[in-house]
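So the structure is just underneath, and the comments pick up after that.
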Amino acid sequence: MTAPSTDASEPSAAALAEPVERVGRGWTASLSLANGAIWVGWYGPLQILLASQAEDFAPGSGMSKETMLAWVTGAGAVVSLVANPLFGALSDRTTARWGRRTPWIVAGAAGGALSLLLLAGAGGVWTMAAGWCLVQLTLNAAFAAVTAAVPDRVPRLQRGSVGGWLGAAQILGVVGGTGLATLARGVGGGYAACAVFTLVGVLPYVLRHKDLRLPVSDRPAFAWRPFLNSFWLSPRRHPDLAWAWLTRFLINLSNALVLLYLLYYLRDRLHYDDPEQGVLILTAVNGVTLLATVVVGGVWSDRVGRRKPFVIWSGVLMAVATAALAGWQTWAGAIVAAAVLGIGFGVFTSVDFALMTDVLPKAMDRGKDLGVINVANALPQVAAPVLAAPIVTYLGGYRVLYLVAAVIGLAGALLVGRIRGVD
């Protein structure tokens with residue numbers, strides 16, 4: 001297979017046309033590596049480093065480590081809610097000679113690496129929160145551009161497989177970020193390792209593959225009111241997009257509730273001897289089973305030309321595994337739940353991404369619309385701490401937390417059936 005031509009002198013329609021030529025393996029591999037590098041920058045902190053800093057800063061602050069971590073991650077998620085669609089919209093309108101997406105991938109990754117280094121020097125909760133907000137701001141610029149490259153370049157019946165490889169890179173980024181944070185044996189070293197990988201990982205894509213350029217003549221005139229109004233995608237006008245968004249939000253909220261306090265769950269509930277190592281083991285187990293299904297699920301979905309059954313049954317499987325965490329609170333139970341969650345989330349990751357690109361309303365707004373859709377990834381990071389902190393502290397602890405997460409995930413899976421325009 002060969003990648004479509006990417007010469008900067010292409011006709012103006014190329015940047016906005018529905019792609020028909022299949023992308024090659026090199027393009028897919030380098031974009032997947034860039035995606036994985038961004039997730040390293042997110043999940044090294046989320047899985048290990050922020051929790052370690054919260055534990056160090058909590059004494060004498062008047063907050064528990066759980067509450068401090070919830071506030072910091074929640075603040076970062078609020079920034080992500082705004083940053084992803086905003087940078088997606090800006091990339092839609094970018095007419096640089098390097099293309100619409102590439103400048104934002106480079107700037108976002110470089111800014112993310114610098115922000116991670118600044119976060120390493122945090123001396124308290126306020127500088128910790130500010131550093132994490134900067135990480136979210138910059139890495140979301142890169143992430144919005146990476147995801148928008150798929151509907152720009154990949155034909156519909158290849159998006160499941162490409163989404164599978166992006167999903168594989170995502171979980172490898174989660175595992176890699178967790179591994180770098182753990183093996184560095186120190187907060188500063190962990191942040192430095194994640195920063196270097198985040199920056200280096202985007203280079204193969206931006207150096208080897210020219211982006212599609214949007215001529216100035218094709219850029220719509222700018223006015224503040226229409227620009228701001230464009231971020232509202234009416235559920236009445238676009239019902240399939242609304243149901244797809246809600247499905248993604250609920251399943252990601254369920255997953256966020258599982259992951260948020262994983263380190264504390266192992267330490268305080270299961271009394272695991274080395275909880276940081278335990279997080280790494282569970283993440284690796286989850287990653288292995290996810291990798292076993294993420295590409296297969298996407299390719300299978302492309303071949304049969306259907307999306308919804310894959311999303312429904314993967315969501316149901318994840319809900320069952322989450323419920324098992326509530327009823328089987330042992331280390332063995334955690335291992336099994338991590339494995340089953342990986343199987344379900346692998347299929348969901350690839351096929352749901354393809355489903356989202358299938359319901360996008362306009363070619364001109366792909367980056368912005370995917371950014372709005374990606375709010376369904378970021379908003380759970382805000383909602384999860386708000387739900388989880390009082391449940392763990394006052395309303396029944398981890399057993400109730402995981403039951404609530406299971407019910408939310410099951411609701412998300414079943415609502416996929418409301419999407420009418422996609423098989």
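Descriptive notes on the structure:
- Computed label-point distance, nm, for sites Met63 and Ala284 using a 7 Å Cα→Cβ extension: 3.2
- A full extension of the chain between Leu270 and Val320 corresponds to an added length of 16.0 nm, given 0.36 nm per residue minus the alpha carbon distance.
- Think of each Lys and Arg Cβ as +1 and each Asp and Glu Cβ as -1; about the Cα centre, that makes the dipole of the range 166-293 roughly 620 debye.
- Each peptide in 129-141, 172-184 receives the mean, over its residues, of other Cβ atoms within 10 Å, and ordering these scores from highest gives 129-141, 172-184.
- Cα gyration tensor shape for the range 325-409, rounded if a/c is under 1.5, else prolate or oblate: oblate
- The chain - mean residue ellipticity at 222 nm from DSSP helices (-39,500 (n - 2.57) per run, n ≥ 4, rounded to 500): -24500 deg cm²/dmol
- For the chain, the carbon plus sulfur part of the accessible surface works out to 67%, probe radius 1.4 Å.
- Heavy-atom SASA rank of Trp104, Trp313, Trp300 (probe 1.4 Å, accessible area, largest first): Trp313, Trp300, Trp104
- Between Ser217 and Tyr394, residue separation times 0.36 nm minus the direct Cα-Cα distance comes to 57.9 nm.
- Burial order of peptide ranges 79-85, 346-352 (average beta-carbon count within 10 Å, highest first): 346-352, 79-85
- Leu114 versus Leu203: modelled label distance in nm, points set 7 Å from Cα along the beta carbon direction: 1.8
- Angle between the chain longest axis and helix 125-153 axis [Cα atoms, degrees, rounded to 10]: 40
- The largest accessible area among His238, His271 belongs to the first residue in His271, His238, and the rest follow in falling order (1.4 Å probe, all chains).
- Cα gyration tensor shape of the range 118-228, rounded if a/c is under 1.5, else prolate or oblate by comparing a/b with b/c: oblate
- Dipole of the chain computed with +1 at Lys/Arg Cβ and -1 at Asp/Glu Cβ about the Cα centre; of Leu212, Ala384, Ala77, farthest Cα towards the positive end is Leu212.
- Per residue, in Å², the accessible surface of the range 142-272 once ligands and nucleic acids are set aside, probe 1.4 Å: 44
- At R0 = 56 Å, FRET efficiency that the Cβ-Cβ distance of Glu21 and Arg236 yields, to 0.05: 0.95
- Selected from Phe249, Ala149, Leu183, residue furthest toward positive end of dipole (the range 149-293; charges at beta carbon): Ala149
The values are calculated or read from the model by the stated rules, or taken from the named source; none is laboratory data. What you see is a predicted model; the values in this text were computed from it and never measured. Cβ sites come from the backbone with ideal geometry, for glycine too, and all protein chains shown count toward neighbours. Surface accessibility is based on the protein's heavy atoms, side chains included, excluding ligands, DNA and RNA. Shrake-Rupley method; radii C 1.70, N 1.55, O 1.52, S 1.80 Å.
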